Each structure stands twice: as structure tokens, then as C-alpha cells.
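See below for the structure under consideration.
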Amino acid sequence: MSDKQEQWLVDLIRLTEGDEKKKTDKQARILEAAIEIFSEKGFAATSTSEIAQKAGVAEGTIFRHYKTKKDLLLSIAGPIAIKMVAPFLMRDFAKLLDLPYSQTDDFFRAIARDRIVFARKNIKLIRILFHEVPFQPELMDQVKSLVTNVVVNRIEKVIKHFQEQGQIIKAPPWRIMRSAASIFIGMIIFHVFLMPEFPFDEEEEIDRTLDILMHGIAGRTV
């Protein structure tokens with residue numbers, strides 16, 4: 001493979017190797033081609049012949065490594081959910097949750113900044129998840145488990161902490177998490193995936209989005 005291959009591919013191959021034998025050059029090219037085409041066209045619209053042509057291998061080579069096209073998808077998307085998302089949440093992202101923020105808005109601002117950086121570094125991989133999770137039960141189960149067992153449990157403790165301090169309204173923590181996730185994920189989808197060319201000041205956008213989360217969109221009266 002080219003020395004100029006994108007970092008997302010290097011990271012994916014490293015994360016999917018684990019204790020297994022390192023990927024061959026052909027396997028790496030197949031992964032690279034599959035990620036590229038799956039992210040552009042989606043799983044259903046992609047043929048193994050297209051992947052083989054882009055990878056520069058015979059179509060039969062794909063089936064020597066992966067029994068079906070779906071096995072190839074799962075070999076990519078599974079590690080995205082388990083080995084890419086989980087480590088960020090459980091290691092780097094967890095550091096955000098453990099920092100002693102004194103103000104609720106500082107906590108949410110740090111999360112927003114972190115997730116924008118993460119999304120920009122993993123655009124193609126995240127696009128595959130967006131495309132396929134709703135239609136692949138195995139991936140849906142993995143994501144649900146990750147969100148329930150890692151994200152919700154950790155953030156719920158932080159929300160309860162700020163509720164005890166009177167900085168957040170008394171409401172079920174899941175409702176506050178849902179509201180915060182919706183507004184920040186919407187911001188990221190718009191700026192990173194839908195309108196990446198749209199000019200904006202990132203810090204100002206985070207501040208304005210945070211202001212809406214904390215205070216709503218109703219006009220304020222004196």
C-alpha cells in the first residue's frame with residue numbers, strides 16, 4: 001500500500017489485527033477499497049466485483065478471506081463500533097468525564113469539542129456506521145450495548161452530580177442525555193457530514209449551541 005494512505009485506514013488495520021496475524025497486502029487493499037465504496041454507496045449498492053476492481057485483486061481473492069460480502073462489512077463495521085468507538089469512550093473520552101468540571105456548560109463544551117475532532121478524523125468509518133447500523137441487527141446490538149453499558153452509565157453520574165448542585169433541572173437523566181445528544185450530534189452531522197464547506201467559527205458555534213441547550217430558544221424577557 002501507498003505510504004500516503006489515509007490515517008483512518010492505518011488505524012483500522014491496527015485495531016482489527018489484535019493478536020491475529022497481520023493483514024496481507026491484498027487484505028489491506030480489500031479493506032481500503034471496501035471502506036471507500038461502502039462509505040460512498042452503502043452496503044446494498046456495492047458489489048464485490050467493484051471492491052475487487054478498486055483493490056486490484058481478483059474477485060475470488062475476496063471470498064478466500066471473507067465468505068460473503070456481509071462478512072466483509074462486519075469485519076469493518078464491527079471493529080468500528082467495538083474497537084474504535086469503545087476505546088475512545090472508555091479511555092480518552094472517559095478522561096473528560098472524570099475531570100472536575102465545576103460548571104455544567106464547561107462539561108458539555110469539552111464533550112462537544114472532543115466529538116467534533118473524533119468525527120472529522122473518522123468521517124468514512126462513521127458514515128459506514130450511519131448507513132448500516134439501522135439495517136444490520138448484529139451492529140445494532142453492538143452499538144446499543146456500548147451506549148447502554150458505557151455512555152449512559154458514565155454520563156448519568158455526571159448529570160446527577162450537577163442536579164444535586166442545582167445547575168441542571170430535576171428531570172430523568174436519560175431525558176437530559178437525549179436532549180444534549182440530539183443537539184450536539186445534529187451540530188456535528190451538519191458541519192462535518194452535510195455541509196463541511198459551510199464557513200463557521202467552531203468555538204462560537206459550540207457556544208451558541210450550548211446556549212440553546214442550557215436556555216432553550218424562547219425569547220428572554222427582562
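The values are calculated or read from the model by the stated rules, or taken from the named source; none is laboratory data. Bear in mind that the values here come from a model prediction, so they are computed numbers and not experimental data. Ideal geometry is used to build each Cβ from the backbone, glycine not excepted, and the neighbour counts take in all protein chains shown.
Right, VAL192: surrounded by 15 or more Cβ atoms within 10 Å (Cβ to Cβ), at pLDDT below 90, over 18 Å from ASN122 (Cβ atoms) and not polar (S, T, N, Q) or not? It is false that VAL192 is surrounded by 15 or more Cβ atoms within 10 Å (Cβ to Cβ), at pLDDT below 90, over 18 Å from ASN122 (Cβ atoms) and not polar (S, T, N, Q). Inside the stretch 60-85, residues that are of a type in the set (Gly, Ala, Ser) and at pLDDT below 65 make up a count of 1. Residues considered: ALA119, ALA180, ALA171. Of these, the only one that is small (Gly, Ala, Ser), closer than 19 Å to THR104 by Cβ and part of a helix (DSSP H, G or I) is ALA180. If only residues of the stretch 25-68 that are surrounded by 14 or more Cβ atoms within 10 Å (Cβ to Cβ) and among the charged types (D, E, K, R) are counted, the one that is farthest from the chain's Cα centre (by Cα) is GLU59. Scan the stretch 195-204 and give yes if some residue there is surrounded by 16 or more Cβ atoms within 10 Å (Cβ to Cβ) and not polar (S, T, N, Q), otherwise no. Checked against the condition, which is being surrounded by 16 or more Cβ atoms within 10 Å (Cβ to Cβ) and not polar (S, T, N, Q), the stretch 195-204 yields no hits at all.
Are any of the residues in the stretch 103-116 assigned by TED's automatic domain parsing to the domain that holds THR209, of a type in the set (Gly, Ala, Ser) and in contact (Cβ under 8 Å) with a residue 12 or more places away in the chain? Yes, the conditions are met somewhere in the stretch 103-116. One residue is enough: does the stretch 202-211 have a residue meeting the conditions among the aliphatic types (A, V, I, L, M) and in contact with a Ser or Thr (Cβ under 8 Å, 6 or more places away or on another chain)? Within the stretch 202-211, none of the residues are among the aliphatic types (A, V, I, L, M) and in contact with a Ser or Thr (Cβ under 8 Å, 6 or more places away or on another chain).
For (1) of a type in the set (A, V, I, L, M, F, W, C); (2) touching a residue at least 24 places away in the same chain (Cβ under 8 Å); (3) more than 19 Å from ASP207 (Cβ to Cβ), each residue gets a yes or a no:
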| position | (1), (2), (3) |
| --- | --- |
| ASN122 | no, yes, yes |
| ARG127 | no, yes, yes |
| PHE135 | yes, yes, yes |
| LEU146 | yes, yes, yes |
| VAL151 | yes, yes, yes |
| GLU156 | no, no, yes |
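Determine if the stretch 209-220 includes at least one residue that is basic (Lys, Arg) and assigned by TED's automatic domain parsing to the domain that holds ARG115. No, the stretch 209-220 has no match at all. Looking across the stretch 123-182, the residues that are modelled with pLDDT under 85 and among the hydroxyl-bearing types (Ser, Thr, Tyr) come down to SER145, THR148.
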